Amino acid sequence: MNPNPTSAGDTRSDRTEARTQDRTKAPWSQTLKVYLEPTSLRMLALGFSSGLPLLLVLGTLSFWLREAGIDRTTIGYLSWVGLAYGFKWAWAPLVDRLPIPLLTRRLGRRRSWLLLAQLAVMLGLAGMAGSDPRLGLERVVWCALLTAFASATQDIALDAFRIESASMERQAALAATYQTGYRLAMIWAGAGVLWLAARTQGPGAVGYQHGAWHAAYLVMAGSMAVGLVTVLLSPEPLPRRLPPPKNAIEWLRGALVEPFADFLRRYRWQAALILALIAVYRISDVVMGIMANPFYVDMGYTKDEVAAVSKVFGVIMTLAGAFVGGALSVRLGVLRVLMLGAVLSTISNLLFAWLATRGHDLTALIAVISADNLSSGIASAAFIAYLSSLTNVNYSATQYALFSSLMLLLPKFTAGFSGRYVDAYGYVQFFSSTAALGLPVLLLVWLVSRVKMAGSD
């Protein structure tokens, strides 16, 4: 891209790309040292607290609901709880600028919002633990909404915390460690919940038992302590000194209007192309993911089988994908790795279509989950770094919330119809269709890269 060089808030993406050739000459040992820096390790723990709630209100919840006998169409519609992540831009300006009484003075702006959001996530998960979907879905839905809203708020504050904690040259590495923690949490919130529920249910027991899910979700609520402790022990990033507003109207303009206007000023007509790429980059993965757990249930896989495969092979391939994606982004540039991640994500969805023809095949499940986690780790690490490169640090929370909300809005809405699609056409056609959703992504990544090259000449 060719942002206006006279803007005081120019992003550093062009300068970062310009250094790529020099970085490729550095030894790999020097490149990988960045992962051991304190800031990177903090992002590992905070990524865990960020990733934990997502599956608990979407993927794992769909497994729980399906086992409780809830139909696939209803499960698909209930995935719209995740739209809270797609609208977080609406309250991001408040998180960016509004202090919390007592907490902000003691902890700082970013850490105070992180702590408050994490406590709310714990409360929502505890409420879900006490809800039995067979007795009614209303309480489950309200507690899931609280969890999703608090989780989205945590993400707003954490994205700003990450962007403000290091230079742009280290954002890809921070994205990789953040994504590693995030994916570890998703494995704990996916495979871990299934393993805990199976252990609570007892060996040899089959069928639905609410007590097993109650215990598992309470453990998940307690697991948010990882993030709480990290926030309390972390330093607050150096605050950006902004001129004090003269009145309420000026404050609202600076908080609500200026972050979006700044982005449009810097990228002009190119903003539409960037926003289109952001809107669809993860659509194939998100739409497919809602029906993954009902698919496992319908194929006859037990909680232990899904947990074991995700825990062993999923962890290995997710860690490999996140670190490979982060390291390749540092050495080769983010856009090249974005293209690689988009190609791999499309292929992994086709593998799920193949898996649907195999019935109960544990070996095939291992291969497909491994490939899916590897591709997702690579794509996510590069995508987070790309979004970070687009932000102006003066508006980091609001602008990143806009990008990450846009990233989820269309995919989450489309995913709500996934249950009806499976009921009408079956799993094979569903997974094949989600792979086809990834084809426009390849074109958009190519267009963005071409426009960027032209703007750099």
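So, of the residues in region 217-236 that are touching a helix residue (DSSP H, G or I) at 6+ places or on another chain (Cβ under 6 Å) and assigned to a loop (DSSP other than H, G, I, E, B), which turns out to be nearest to T60 (Cα to Cα)? Among those residues, the one meeting the criterion is M224. Within region 103-132, residues that are closer than 11 Å to A157 by Cβ have Cβ atoms under 6 Å from residues that are hydroxyl-bearing (S, T, Y) and modelled with pLDDT under 90 in these pairs: S112/T104, counting only partners at least 6 apart in sequence or on another chain. Would you mind stating whether F403 is of a type in the set (A, V, I, L, M, F, W, C) and either farther than 19 Å from S348 by Cβ or touching a Cys at 6+ places or on another chain (Cβ under 9 Å) (or both)? Here the answer is yes, as F403 does meet what is asked. Applying a threshold of 6 Å to beta carbon distances and a minimum spacing of six or more residues, or different chains, the list of pairs starting in region 72-88 at a residue that is closer than 20 Å to V422 by Cα and ending at one that is β-branched (V, I, T) and in a helix (DSSP H, G or I) reads R72/V422; S79/I290; V81/V57. Counting only helices (runs of 4 or more DSSP H) wholly contained in region 270-378, the ones carrying 2 or more residues that are surrounded by fewer than 21 Cβ atoms within 10 Å (Cβ to Cβ) occupy 270-280, 292-298, 303-309, 315-332, 334-355. Scanning region 404-431 for residues that are of a type outside the set (D, E) and over 16 Å from L83 (Cβ atoms) yields R420, Y421, V422, A424, Y425, G426, Y427, V428, Q429, F430, F431.
Closer than 19 Å to G47 by Cβ, among the acidic types (D, E) and at pLDDT below 90 - does that describe any residue in region 168-177? No.
Please enumerate the residues belonging to region 266-295 that are closer than 18 Å to A435 by Cβ and more than 18 Å from the chain's Cα centre (by Cα). Passing the criteria: only F295.
Given the criteria modelled with pLDDT of 85 or more, within 27 Å of T180 (Cβ to Cβ) and touching a helix residue (DSSP H, G or I) at 6+ places or on another chain (Cβ under 9 Å), does A415 qualify? Yes; evaluated as a whole, the condition is true for this residue. Enumerate the pairs (first residue in region 49-66 and closer than 14 Å to C143 by Cα; second residue anywhere and charged (D, E, K, R)) with beta-carbon separation below 9 Å, excluding pairs fewer than 6 apart on the same chain, so at least 6 apart or on different chains. Correct list of pairs: L58/K412. Kindly indicate the residue of region 346-386 that is polar (S, T, N, Q) and more than 15 Å from the chain's Cα centre (by Cα) and also nearest to T318 (Cα to Cα) among those meeting that condition. In this case the residue turns out to be S370. Checking each residue in region 388-401 for being surrounded by 24 or more Cβ atoms within 10 Å (Cβ to Cβ), of a type outside the set (G, A, S) and in a helix (DSSP H, G or I) picks out Y395, T398, Q399, Y400. Here region 257-269 is the region considered, the condition is being assigned to a helix (DSSP H, G or I) and touching a residue at least 60 places away in the same chain (Cβ under 8 Å), and the residue that is farthest from L390 (Cα to Cα) is E258. Being under 21 Å from the mean Cα position of the chain (by Cα) and in contact (Cβ under 8 Å) with a residue 40 or more places away in the chain is not true of S432. Residue under question is V445, and the condition is that it be without any contact (Cβ under 8 Å) to a residue 60 or more places away in the chain and within 15 Å of S284 (Cβ to Cβ); does it hold? The answer is no for V445. Would you check if L44 is under 30 Å from V141 (Cβ atoms), surrounded by 20 or more Cβ atoms within 10 Å (Cβ to Cβ) and at pLDDT 75 or above? Here the answer is no, as L44 does not meet what is asked.
The values are calculated or read from the model by the stated rules, or taken from the named source; none is laboratory data. Note that the coordinates shown come from a computational prediction; the quantities given were computed from them, not determined experimentally. Cβ sites come from the backbone with ideal geometry, for glycine too, and all protein chains shown count toward neighbours.
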